[in-house]
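For reference, the structure discussed in these notes is given below.
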Amino acid sequence: MGTALIYDEEMTKYKLLWVDPACKIEVPERLTVSYEALVRSGLSDRCVSIPPREATDAEILLAHSEEYLEAVKKTPYMTLEDLKEFTLQYGDVYFHPNIYHCAKLAAGSALQLVDSVMTGKVRNGIALVRPPGHHSMRSAANGFCVFNNVAIAAQYAKQKHGVKRVLIVDWDIHHGQGVQYCFEDDPSVLYYSWHRYEHQKFWPNLRESDYDSVGKGNGAGFNVNVPWNKVGMENSDYLSIFCHVLLPVAYEFCPDLVLVCAGFDSAIGDPEGEMCATPDIFAHLTHLLMNLAGGKLCAVLEGGYNLTSLPQSVCQTVQTLLGDPLPQPAGLRSPCKSALESLQCVRSAHRRYWSFLKHAANQPSTDISTKRIKLANEEEGKTEMAVEERAAEIKEWPEPPERPSPPVRCASLLPEDVACPDGLKLFSSSKDLHPLLASKLQNGADDQDALITVSRLYAMIEKMLTNEIGSGLVLISDISAAMMGALQDLPSDLVDRVLVVCVGKEKDLNYLTTDGKMLFVQISDEDKEKEKNKYFIPVSLKKGCSDTAGFIQAVLGLLLPLAYEYDPTLVLLVRTPGSGVDDSMWQQLIGLLLGFAKGHTLVLMQTNEKVHVGPTASALLGRPAPPLLELQTLDQEDGEALERLRERLQTDWKMLQTTSEGTEETLPC
Ligand code: SS9
Ligand code: ZN
């Protein structure tokens, strides 16, 4: 199950033929530098190369009118003057004698990708195309776009492959209004877009790009707009929106296919976006979507105009699709006030449609939508000047870190009567006690067996930290003893920061420390509210981990943001006996946790949980979790309790904030 890469040089063979400052950034080199970076890094060789094809008339008509198609068809025969004239009726776009051909290839590339993924030829993939698509409308070219590649692909997936629900994630920095218009009243396609907005001051300056455009008729709730009202948004702002808006909605929507309008003008250095998120953020955005729809994800290039950050971002995306370890999301700041304001507004506008957002707070007391024009006018001049200066400033940022794959992707430590699952490697360590534990033996520790187990765990963890091993799976007879043994010394001896995720009940945890060397998050049906401190976070659900809706809600809205902020060097995932978590949720959890600590997750399970070894191994190997069954609606009281918990924790953990009140303005990067 590989990753498809669709590219053809032909799509570099058109360009702007006259002077137009609005269009000069859309150059053929966007595609060549992206593709060359994939070749140079060896990533393209690891992909399944699939040729584009031309979309047929019938396919183009899935999202466009006949009149428009017929008009575009004439452009290859037009003179330069005719082309200029033709272009004038549309906004921020240009035509060229070869653009119709390229536009057919761009849309056809998206369809080839959908076919490859839907037929199981590959698991996921990316199409590097020009012209982009998300701005083009039923009867109009717009914003460098001729045909709406992703909208056509979504319609096609429904029609040709019987897909019931398509999620479109538009992480380009512009609002894909063309996609919004196409699916506004269609509940089978959920369109999500974040975009530079600045209270309607930024192109395409549409009222309907704001957070309160939620879809129409049956489609109400299936259009999610996140306006950025300031430039300079950073990684933490992007991740916060994913954790607190997109992922809860996406998991509740339960798509059969994920399409990404993969524009990289949302990355640092881009002259259009003027944002400050670094290219490695796309590794995380991609990864966070890879466990939806059984991993069926098709990314189609949209914008991206900085010829350095564009190829870097493309490589980060492809490397993630291929399953390489994620870069550590280091140095996250807290989301900025303006981002939180947008977050609060979107959550509030959507809470009536999504049970996962039902308990979200009200809009901020000053409605940012109504103060739109006033604010924009006030800030004019002053802001625009500052923005230009900043855009001129940011020319450099560090190269994204290497992401080396460990020689052993997942190692296991299993009792003799359990067969080692395919793809895992049995871990063998010397019989000698780990040096850090030898002293304990001399001191006459009482339980020899436990000591030996802990010793082997240590050996395994050491190999993880040197990246000889990726993840690990350990089955032991006494999980409590092993956990206590390991955690008592582990943090100070070996690891800076351990994130311990405990699924299910566990009796005494009095060995936990509060020095920040470990963060312990427990999901169970026990109420341990009183014991809570910054580094011990018990999450209680009435029905414990067997409540799938509550469980996933806790994972997305609490665990993920906590983990991003904590930035662990190791994740220890403990499944206590009788936790009640079902296999598919368990796999979701593992898949998501692999995004931290460069993929170094160690899973501890009790020996008598053999039946779960297969699914656990599969998830640890990076295989996507099976498609979710439609989730139950979230229990009212649990939902409220989770919301309260998040509110209380957000003074300590800034990534848990979902409202702007009481936060302070921070300076952009
Ligand atoms: C140039 C204005 C360009 C159109 C941008 C279209 C991006 C498509 N300052 N506006 S991703
Ligand atoms: Zn764009």
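Summary of values
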item: Boolean, THR659 is closer than 22 Å to ARG333 by Cα and part of a loop (DSSP other than H, G, I, E, B); result: yes
item: Test: residue in the range 473-488 that is more than 19 Å from LEU573 (Cα to Cα) and not polar (S, T, N, Q); result: no
item: Boolean, LEU499 is within 27 Å of LEU292 (Cα to Cα), in contact with an Asp or Glu (Cβ under 8 Å, 6 or more places away or on another chain) and surrounded by 21 or more Cβ atoms within 10 Å (Cβ to Cβ); result: no
item: Checking CYS545 against (1) at pLDDT 90 or above; (2) surrounded by fewer than 18 Cβ atoms within 10 Å (Cβ to Cβ); (3) assigned to a helix (DSSP H, G or I); (4) not β-branched (Val, Ile, Thr), the condition it does not meet; result: (2)
item: Selection from the range 174-188 of residues that are within 16 Å of ligand 1 (Cβ to nearest atom) and within 22 Å of the chain's Cα centre (by Cα); result: HIS174, HIS175, GLY176, GLN177, VAL179, GLN180
item: Residue list for the range 291-336, filter: surrounded by 21 or more Cβ atoms within 10 Å (Cβ to Cβ), of a type in the set (Gly, Ala, Ser) and under 18 Å from PHE242 (Cα atoms); result: ALA293, GLY295, ALA299, SER313, SER334
item: Any hit, the range 224-244, residues being of a type in the set (Val, Ile, Thr), more than 17 Å from the chain's Cα centre (by Cα) and assigned by TED's automatic domain parsing to the domain that holds GLY125; result: yes
item: Qualifying residue in the range 151-173 (condition: within 14 Å of ligand 1 (Cβ to nearest atom), assigned by TED's automatic domain parsing to the domain that holds ALA220, part of a strand (DSSP E or B) and within 20 Å of LEU105 (Cα to Cα)); result: no
item: Matching helices (runs of 4 or more DSSP H) fully within the range 278-373 where at least 3 residues are out of contact with any helix residue (DSSP H, G or I) (no Cβ under 9 Å at 6 or more places or on another chain); result: 337-350
item: Criterion violated by VAL574 - all others in (1) over 25 Å from the mean Cα position of the chain (by Cα); (2) more than 22 Å from LEU247 (Cβ to Cβ) satisfied; result: (1)
item: Candidate set: the range 184-208, residues that are without any contact (Cβ under 8 Å) to a residue 60 or more places away in the chain and assigned to a strand (DSSP E or B); chosen: the one surrounded by the fewest Cβ atoms within 10 Å (Cβ to Cβ); result: HIS195
item: Search result, residues across the range 582-621 that are buried (at least 23 other Cβ atoms within 10 Å of the Cβ) and in a loop (DSSP other than H, G, I, E, B); result: LEU594, GLY595, PHE596, HIS600
item: Residue in the range 251-272 that is nearest to LEU31 (Cα to Cα), counting only those that are more than 10 Å from ligand 1 (Cβ to nearest atom), touching a helix residue (DSSP H, G or I) at 6+ places or on another chain (Cβ under 9 Å) and not in a loop (DSSP other than H, G, I, E, B); result: ALA262
item: Residues that are assigned to a strand (DSSP E or B) and within 12 Å of ligand 1 (Cβ to nearest atom), drawn from the range 122-147; result: ASN142, CYS145
item: Subset of the range 131-145 [surrounded by fewer than 24 Cβ atoms within 10 Å (Cβ to Cβ) and within 14 Å of ligand 2 (Cβ to nearest atom)]; result: ASN142
item: Conditions (1) more than 13 Å from ligand 2 (Cβ to nearest atom); (2) in a loop (DSSP other than H, G, I, E, B); number of the one not met by TYR181; result: (2)
item: Residue match in the range 225-232 (condition: closer than 30 Å to THR633 by Cα, within 16 Å of ligand 1 (Cβ to nearest atom), crowded, with 23+ Cβ neighbours inside 10 Å and β-branched (Val, Ile, Thr)); result: no
item: Complete set of residues in the range 45-56 that are buried (at least 17 other Cβ atoms within 10 Å of the Cβ), in contact (Cβ under 8 Å) with a residue 60 or more places away in the chain and part of a loop (DSSP other than H, G, I, E, B); result: CYS47, PRO52, ALA55
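Residues checked against (1) within 16 Å of ligand 1 (Cβ to nearest atom); (2) without any contact (Cβ under 8 Å) to a residue 12 or more places away in the chain:
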position: ILE6; (1), (2): no, no
position: THR12; (1), (2): no, no
position: LEU16; (1), (2): yes, no
position: LYS24; (1), (2): yes, yes
position: VAL27; (1), (2): yes, no
position: LEU38; (1), (2): no, no
position: LEU43; (1), (2): no, no
position: LEU69; (1), (2): no, no
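The values are calculated or read from the model by the stated rules, or taken from the named source; none is laboratory data. None of these values were measured; they are calculated from a predicted model. Using ideal geometry, Cβ is built from the backbone for each residue, glycine included, and neighbour counts are taken over all protein chains shown.
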